[in-house]
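**Q** Once you've had a glance at the structure underneath, I'll fire off some questions.
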Amino acid sequence: MSGLEFNQLLLQNADFLKPFAVNLTRDTEAANDLYQETLYKALANREKYNVGTNIKAWLFTIMRNIFINNYRRKAKQKTIFDNTPNEFLINQNQATVSNGAESDMRIKEINAAIQGLPEIFRTPFLLYFDGYKYNEIAEVLHEPLGTIKSRIHFARKLLKEQISRY
């Protein structure tokens, strides 16, 4: 197949790519970029196209592969795209130092608040916090399921009031 014939075939079958690009990217500008890059790759690799095969499927595959590769590349970069008018790229890999003493104090305060709860709320809350399900807690404490749910809800509410600064 000559270059001219391939170009005509490509132009005849390229219109369906735009909706597919918008569907992949969910952004018209990114879709236009993806569409152009797909046509460029198709032209650059026209010798790989087998005459008589479905050109639409071939173009779909090129577009999908470009989209996946771009997505993986962006995920590896771990950058955030800032949508402000200046469009800055912000590097997310900034080093932070945690304050172990401060977090230890917070954990002690939280534990003290939990221990300060009335026994009727503390026991179901601690069981729920340990990973037990509502129905398991109800069986262990021999209480109705609704009562257990209410007590855990009120325990959370009390803790939220006591630890409001976090």
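**Q** Between segment 1-61 and segment 95-166, how far is it from one alpha carbon centroid to the other, in angstrom?
**A** Rounded to whole Å, the Cα centres lie 57 Å apart.
**Q** Which of Val140, Val51, Val22 comes first, and how do the rest follow, when ranked by fewest Cβ neighbours within 10 Å?
**A** Val51, Val140, Val22
**Q** To make sure I understand, if each residue's beta carbon is the centre and we count other beta carbons within 10 Å, what order do Thr123, Thr53, Thr61 fall in, fewest to most?
**A** Starting with the residue having the fewest Cβ neighbours, the order is Thr53, Thr61, Thr123.
**Q** Next up: Using a 10 Å cut-off around each Cβ, can you sort Asp15, Asp33 from fewest to most neighbouring Cβ atoms?
**A** Fewest-to-most Cβ neighbours within 10 Å comes out as Asp15, Asp33.
**Q** Projecting each Cα onto the charge dipole of the chain (Lys/Arg +1, Asp/Glu -1 at the beta carbon, about the Cα centre), which of Ile107, Ile148, Tyr49 comes out farthest on the positive side?
**A** Farthest towards the positive end: Tyr49.
**Q** Kindly identify the chain as rounded, prolate or oblate by the Cα gyration tensor criterion: order the square roots of the eigenvalues as a ≥ b ≥ c, call it rounded if a/c is under 1.5, otherwise compare a/b with b/c, prolate if a/b is larger, else oblate.
**A** Note, shape of the chain comes out prolate.
**Q** Just in segment 1-57: which chymotrypsin sites (Phe, Trp or Tyr not before Pro) are loop by DSSP and have at most 15 other Cβ atoms within 10 Å?
**A** Of the chymotrypsin sites (Phe, Trp or Tyr not before Pro), the ones in loops of segment 1-57 whose Cβ has at most 15 other Cβ atoms within 10 Å are Phe16.
**Q** At what distance in nm do the modelled label points of Gln12 and Ile107 sit from each other, each positioned 7 Å from its Cα along Cα→Cβ?
**A** That separation, rounded to one decimal, is 7.0 nm.
**Q** Over the chain, calculate the relative contact order: mean separation of alpha carbon pairs under 8 Å at least 6 apart, over the residue count, as a percent.
**A** It comes to 13 percent, rounded to a whole number.
Each value in this text was obtained by applying a stated rule to the coordinates, not by laboratory testing. Since the structure is predicted, the reported quantities are computational estimates derived from the model, not experimental observations. Every residue, glycine among them, receives a Cβ derived from its backbone with ideal geometry; neighbour counts consider all protein chains shown.
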